[in-house]
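A.B. asks: I have a structure I would like to understand better, so I am pasting it below and will then ask my questions one at a time.
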Amino acid sequence: MHTCSLVSICVLLGLVVRWGVSLNSYSGAGKPPMFGDYEAQRHWQEVTYNLPPQEWYFNTTENDLNYWGLDYPPLTAYHSLICAYVANSINPEWVELHKSRGYESPMHKLFMRATVLVADLMIFIPAVVLYCLYLTDGSSKKKVSTLFCFLLYPGLILIDYGHFQYNGVSLGFTLWGVLALGLGWDALGSVAFCLALNYKQMELYHALPFFCYLLGKSVKLGLMGLFLLMRIASTVLVTFALCWLPFLSGSGYAMQVVRRIFPVARGLFEVQCLTSSLSFLWCA
Amino acid sequence: MAAADSWSWFPALALGVSLLKCLFINAYHSTDFEVHRNWLAITHSLPVSRWYHENSSAWTLDYPPLFAWLELGLARAAQHFDSNMLRVENLNYVSQNTLLFQRLSVVFTDLLFIYAARECCRCVQEPKGPRDVLSRPSFVLAVLLLWNFGLLIVDHIHFQYNGFMFGFLLLSVAKHLQHKHLQGALLFSVLLNLKHIYLYVAPAYGVYLLRSYCFTQDHSGGSVSWRSFRPLRLLALGSIVASVCALSFGPFIAMGQLPQVLSRLFPFKRGLCHAYWAPNAWALYNVLDKSLALLGVRLKLLEEAELPRASMTGGLVQEFQHSVLPSVTPSVTLVCTLLSILPALASIWRRPRGARGFLRCLLLCALGSFMFGWHVHEKAVLLAILPLSFLAVESREDAGIFLVLTTTGHYSLFPLLFTPAELPIKVFLMLMFTIYSFTALRKLHSGPVLRPLESAYLLGLGVVALACEAAFPLSPWRHKLPFLPLLATSVYCSVGVCYSFLRLYASLLRQEEKHKQL
């Protein structure tokens with residue numbers, strides 16, 4: 001059978017399984033006052049939609065950081081903002097400042113689950129398909145089998161579509177980075193990995209291999225390698241600058257963001273930090 | 001590479017689909033869920049004499065007694081999950097354990113369907129030469145049966161026990177293909193006593209068994225040799241059917257409740273069509289009637305006030321009369337159905353073509369009854385789709401008809417799952433099954449299977465699907481004409497189903513012509 005149709009069938013099966021898992025409960029469902037990760041994501045949509053970027057990471061009267069304060073880098077915040085615009089156009093109650101706390105309804109659940117699916121469809125799944133088709137060895141049958149296993153990996157499905165998170169986005173960006181490096185497009189690969197890093201700081205687990213590979217490649221190429229290194233360094237800096245743009249205007253904004261995403265003050269073993277990183281390890 | 005007769009892929013397919021079914025435990029379920037819970041309660045809590053009289057719920061027992069006994073058996077297991085579901089007064093009771101039990105019971109009873117599918121796959125004619133597993137007819141048939149879209153969404157989301165019933169039907173067919181006619185007859189008798197809708201295909205069984213089993217020889221031209229009649233065989237068949245029916249209806253005949261049971265089984269009060277018209281000939285008839293009425297009013301040939309108030313919407317069943325064309329009564333539908341299946345039955349009497357000829361006749365009986373029956377439900381199209389899968393992997397022509405009938409039939413099931421949460425599931429699953437069936441059959445028969453007109457029709461189906469599911473809910477007409485998507489789906493699919501019916505008949509009659517010339 002045509003590889004194309006086999007790939008489509010694998011992707012569709014992956015999507016059916018994901019949506020099937022979505023039909024079930026999410027983290028913190030019906031458990032006030034704090035609920036769970038689902039409410040955290042909804043709250044971030046509320047915060048990013050109603051407040052200016054400079055206030056997102058600060059503890060103000062409008063933004064109580066003790067109630068699921070933003071603790072992921074800016075790209076997560078921008079993603080939440082986009083979702084919030086869509087949410088507001090469907091039902092403003094979903095992102096109303098303060099009043100939407102703990103909002104739960106079947107339609108809202110459908111919307112939130114749909115945002116995870118859309119993010120996966122745009123970022124993670126294409127990366128997986130391209131990776132399996134172009135960077136794995138063997139016959140087309142072996143590639144399709146790899147794709148099949150990849151797409152049905154239960155850890156990622158259960159956490160993203162059950163518990164509720166967006167690991168598919170950061171892992172997807174990382175995979176795009178790997179794909180680009182595999183095809184020799186080092187600058188693009190660096191951009192992709194920077195995006196992953198700016199989505200979830202836990203991608204730092206994958207940073208060393210990227211760094212060592214690129215550095216090693218540059219060293220091996222001699223003088224051309226120096227140019228390569230400079231090109232990569234500049235793309236990394238530009239990507240970071242673009243992601244952090246709203247926070248580079250005033251003093252202390254960037255530092256506050258760093259303090260939120262690396263909460264060493266809270267202690268290394270705070271429960272939420274631990275569970276997030278454990279789940280991430282599992283998926284990675 | 002696996003050995004030529006290794007069937008290790010079959011358990012993988014079966015296990016995979018069973019696990020997928022478990023993912024749908026918390027999906028939407030229709031009122032059929034409550035129907036079966038009610039029947040569990042009735043058979044468990046009430047004495048046998050009350051089963052067919054109990055009517056405190058609207059969902060009275062209307063399947064034959066063997067199914068009631070099955071529900072009793074299930075109820076024994078159910079009491080370990082949640083004994084509250086077995087109380088008759090607990091109407092619409094849906095606890096988490098009830099849901100779990102009911103859903104798992106469907107998955108469990110599907111084991112029979114899996115076994116039957118395997119038997120059918122064993123009977124498929126494999127072409128000579130080594131073949132890659134994915135391009136073997138038995139593999140393709142296994143996927144088409146086990147992962148059938150219609151069965152998945154009707155049984156495991158909407159909620160019914162069709163897989164279990166089709167298991168009996170396919171197993172019976174497989175037994176006939178293996179020349180084990182008595183076993184096939186036994187299985188079919190059991191099936192009839194589980195769900196009487198299979199009476200639609202009983203004539204095919206009757207004629208085939210009489211002709212090919214009771215008469216052991218043919219003349220050289222293929223016509224029946226009257227002298228080869230074996231009365232013992234007829235007696236054996238008769239006693240099998242009689243004993244199964246006696247086992248099933250016996251207790252009720254003894255209690256003098258047979259008329260009551262029959263009145264429950266055959267409630268002719270319902271209308272010609274279900275609230276959503278099944279895509280059969282009557283849907284086209286209704287649309288023609290409506291169009292003529294509208295035309296008549298426009299051309300001032302009819303008075304609008306004279307037309308009966310025909311209601312096309314409504315969730316529960318409705319009666320309606322036709323305005324311009326003559327109204328259709330149950331007896332008319334019976335006559336039409338009989339007329340539509342008579343040529344097929346005559347064909348296997350005159351020229352029996354073995355078990356495959358019987359299967360074709362069974363298919364035509366199922367489809368004929370679907371086309372012209374009274375109060376047909378769109379789920380009945382599965383009765384034609386599943387047996388046709390077998391023929392599709394063996395013949396290119398049948399594969400073409402299969403693709404048209406299956407895609408149309410499956411799409412016509414979409415209105416069954418109308419909740420927004422299930423939309424992605426039905427779309428993804430439908431796409432998956434459609435892509436697989438098209439590409440696998442194309443590969444199997446080494447070349448295109450569809451005619452250009454058929455491909456165009458199916459592309460049009462995609463357009464209709466997009467319009468009904470995506471465009472219409474956002475359009476300004478959704479309040480003024482809420483029934484429009486259902487109407488469009490029903491009418492467009494009727495065209496496809498009618499076309500498949502005619503093509504199947506054409507292929508049957510053409511085979512007969514070819515035989516006559518030999």
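A.B. asks: Scan segment A:94-127 for residues that are away from chain B (no Cβ under 14 Å), under 27 Å from A:ASP64 (Cα atoms) and not β-branched (Val, Ile, Thr) and jot them down.
C.D. replies: Matches in segment A:94-127: A:TRP94, A:GLU96, A:LEU97, A:HIS98, A:LYS99, A:SER100, A:ARG101, A:GLY102, A:TYR103, A:GLU104.
A.B. asks: Oh, and also: Among the residues of segment A:46-62, is there at least one that is under 20 Å from A:VAL118 (Cα atoms), within 20 Å of the chain's Cα centre (by Cα) and in a loop (DSSP other than H, G, I, E, B)?
C.D. replies: No, segment A:46-62 has no match at all.
A.B. asks: Next question, about the same structure. What pairs can you find where one residue is in segment B:234-259 and in contact (Cβ under 8 Å) with a residue 40 or more places away in the chain, the other is among the β-branched types (Val, Ile, Thr) and open to solvent by 30 Å² or more (accessible area, probe 1.4 Å), and their Cβ atoms are less than 7 Å apart, with a gap of 6+ or different chains?
C.D. replies: As it stands, the answer is B:VAL244/B:VAL190; B:PRO251/B:VAL48, since those pairs meet every condition given.
A.B. asks: Before we move on, is B:GLN178 at pLDDT 90 or above and under 23 Å from B:ARG351 (Cα atoms)?
C.D. replies: yes
A.B. asks: Which of the residues spanning segment B:223-266 are of a type in the set (Phe, Trp, Tyr) and at pLDDT 90 or above?
C.D. replies: Answer for segment B:223-266, where residues must be of a type in the set (Phe, Trp, Tyr) and at pLDDT 90 or above: B:PHE249, B:PHE252.
A.B. asks: Further question: Check B:ALA14 against each of (1) in contact (Cβ under 8 Å) with a residue 60 or more places away in the chain; (2) closer than 20 Å to B:VAL261 by Cβ; (3) open to solvent by less than 30 Å² (accessible area, probe 1.4 Å); (4) aliphatic (A, V, I, L, M) and name the one condition it does not meet.
C.D. replies: Here B:ALA14 clears every test but (2).
A.B. asks: Just checking, which of B:GLU397, B:GLU454 is assigned to a helix (DSSP H, G or I), touching a helix residue (DSSP H, G or I) at 6+ places or on another chain (Cβ under 8 Å), away from every other protein chain (no Cβ under 13 Å) and open to solvent by 10 Å² or more (accessible area, probe 1.4 Å)?
C.D. replies: B:GLU397
A.B. asks: Anything in segment B:400-425 that is closer than 21 Å to B:TYR457 by Cα, open to solvent by less than 30 Å² (accessible area, probe 1.4 Å), in contact (Cβ under 8 Å) with a residue 40 or more places away in the chain and not polar (S, T, N, Q)? List them, or say none.
C.D. replies: Correct list: B:GLY400, B:ILE401, B:LEU403, B:VAL404, B:LEU405, B:GLY409, B:HIS410, B:TYR411, B:LEU413, B:PHE414.
A.B. asks: In this structure, does B:LEU383 turn out to be over 30 Å from B:LEU23 (Cα atoms) and away from chain A (no Cβ under 14 Å)?
C.D. replies: no
A.B. asks: Still on this structure: Which count do you get for residues in segment A:175-210 that are within 25 Å of A:LEU121 (Cβ to Cβ) and not in a helix (DSSP H, G or I)?
C.D. replies: So the answer is 3.
A.B. asks: To continue, here is another question. From the list B:ALA293, B:ALA281, which residue is buried (at least 16 other Cβ atoms within 10 Å of the Cβ) and closer than 23 Å to B:LEU382 by Cβ?
C.D. replies: Among B:ALA293, B:ALA281, only B:ALA281 is buried (at least 16 other Cβ atoms within 10 Å of the Cβ) and closer than 23 Å to B:LEU382 by Cβ.
A.B. asks: Name the one entry in A:LEU130, A:LEU117 that is open to solvent by 20 Å² or more (accessible area, probe 1.4 Å) and of a type outside the set (Val, Ile, Thr).
C.D. replies: The unique qualifying residue is A:LEU130.
Let's see how each residue does on (1) more than 14 Å from chain B (Cβ to nearest Cβ); (2) open to solvent by 10 Å² or more (accessible area, probe 1.4 Å):
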| site | (1), (2) |
| --- | --- |
| A:CYS4 | no, yes |
| A:LEU12 | no, yes |
| A:VAL17 | no, yes |
| A:GLY20 | no, no |
| A:GLN41 | yes, yes |
| A:PHE58 | yes, yes |
| A:ASP64 | yes, yes |
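The values are calculated or read from the model by the stated rules, or taken from the named source; none is laboratory data. Please read these numbers as outputs of a predicted model, since none were measured by experiment. When we count neighbours, we look across all protein chains shown, and the Cβ atoms used for this are built from the backbone with ideal geometry, even at glycine. When the accessible area is computed, the model is the full protein with side chains, heavy atoms only, and any ligands, DNA or RNA have been set aside. Shrake-Rupley method; radii C 1.70, N 1.55, O 1.52, S 1.80 Å.
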